[in-house]
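Let me begin by presenting the structure, written as structure tokens, before commenting on it.
The values are calculated or read from the model by the stated rules, or taken from the named source; none is laboratory data. Model, not experiment: these values are computed from the prediction. Note that each Cβ is placed from the backbone with ideal geometry, even for glycine, and that neighbours are counted across all protein chains shown.
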Amino acid sequence: MAADSALHHPHIHALYSDHHGWLQGWLRKKLGNAFDAADLAQDTFVRILAAPDHTPEKQGDWQLSEPRAYLTVVAKRLLANLYRRRSLEQAYLDALGAMPEPLAPSPEQQALILETLQEIDAMLDGLAPPVRQAFLMAQLEGLGYAEIALKLSVSERTVKRYMAEAMARCILLVE
């Protein structure tokens, strides 16, 4: 952590000093990889530092009664994101491997497609399950709102609301 950040966030600095080594060891056991563990441990503290409640104006007497439990929750979320990203990347690479070589996209196109897939995944992850399900039914299966309403056992008006929410999220992601 930068020295000026530590001065503005003394409790986070103490949290980092007291628990970074432990967190990195815990992640190393989970991942079996010291490099990924170091990255995720650092990302955990960056996430905590970037949280709106930890700005110098709002920090006040911010302290944790169970710091390792809190760090574990944040790290588990980052770990789940890592696994999901890797799973998505592997599925994409498998699909590429199944394509005839002349049809395969260039390495630059592959990188752009993978980045787009990760953005879509992040967008979908932020939606409530029924909203995500309705969106996927419309986009991937080509179902109309009435068909989606029947499958989800909701009204067509609810499906319209779900789709509006999903589309609004897509627009925010693009901007």
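Summary of values
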read-out: Only one of Leu124, Leu82, Leu78 that is of a type in the set (A, V, I, L, M, F, W, C), in contact with an Asp or Glu (Cβ under 6 Å, 6 or more places away or on another chain), assigned to a helix (DSSP H, G or I) and touching a residue at least 12 places away in the same chain (Cβ under 8 Å); value: Leu78
read-out: Check on Leu143, part of a loop (DSSP other than H, G, I, E, B), more than 21 Å from the chain's Cα centre (by Cα), surrounded by 15 or more Cβ atoms within 10 Å (Cβ to Cβ) and of a type outside the set (S, T, N, Q); value: yes
read-out: From His11, His19, residue being assigned to a helix (DSSP H, G or I), over 15 Å from Ala75 (Cβ atoms) and at pLDDT below 95; value: His11
read-out: Ala111 vs. criteria of a type in the set (Gly, Ala, Ser), exposed (fewer than 13 other Cβ atoms within 10 Å of the Cβ), closer than 30 Å to Leu27 by Cβ and not assigned by TED's automatic domain parsing to the domain that holds Trp22; value: yes
